[in-house]
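Throughout, read-outs are computed from the coordinates displayed, never taken from laboratory work. Fair warning: this is a prediction, and the values are worked out from it, not measured in the lab.
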Amino acid sequence: MVNGMRHYYEARVLLVPQGGSAIDVAATMRDLGLDGVLTATEAAGGGFGLRPLGRHGWAASSRVDSATDAVAGADIVILLATDLAEVHGDVCAEIAETARRDGGLVAALVVGSIGQDTPGGDGAMAALRAAVDMLVVVRGPELAASFVDVLRGGRRDGVVAA
């Protein structure tokens, strides 16, 4: 989508945290200033809750019943993980397949990679690698927030419509 006030492309990014630790990292990324991103978290009883990560998002908060509905309209879907024991390989595969079918780019962003050198961590990394087009591992939320912001289109303060 092209934002008329920004005069450049702004991707609709959907962040899909894998577990509580990834939800906490997403909140830290928001506190660091990441905005304009939508999050999809698994809802109790099935489906996904969608909501803007910061003050703005490319869609309003809602609850949807399926992965297809969760990724609808996203240009880039990012599976966010911190504790690899919390990665749900089946959910990652379903989200990725649905996003690709809609023409979206699928990435995995691993922050800190807790449990990487364990059998479960190895399995989670294998599931992420199999599901995504791009896998990025960063040390902390600051780098993760910057990475997502660049994928989204970056900040362009002072750019206004002509």
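For the chain, the spread of Cα positions along the three principal axes, ordered from largest to smallest, is 55, 33, 26 Å. Computed from Cα atoms, the angle from the helix 20-31 axis to the main principal axis of the chain rounds to 20 degrees. Of interest is the spacing of the C-alpha centroids, which for the range 80-96 and the range 25-56 amounts to 16 Å. Compared with the dominant Cα axis of the chain, that is its longest principal axis, helix 141-152 is turned about 50°. Tell me, what ³J(HN,Hα) does each residue in the range 66-71 have, in order and in whole Hz, if you take phi through Karplus 6.51 cos²θ - 1.76 cosθ + 1.60 with θ = phi - 60° and put x for Gly and Pro? Couplings: 9, 4, 4, 5, 5, 8 Hz.
The fraction of Cα-Cα pairs per 10 angstrom bin, counted from 0 for the range 66-130, comes to 24, 50, 23, 3 percent, rounded to whole percents. For the chain, the longest principal axis of the C-alpha atoms and the axis of helix 119-131 are separated by about 40°.
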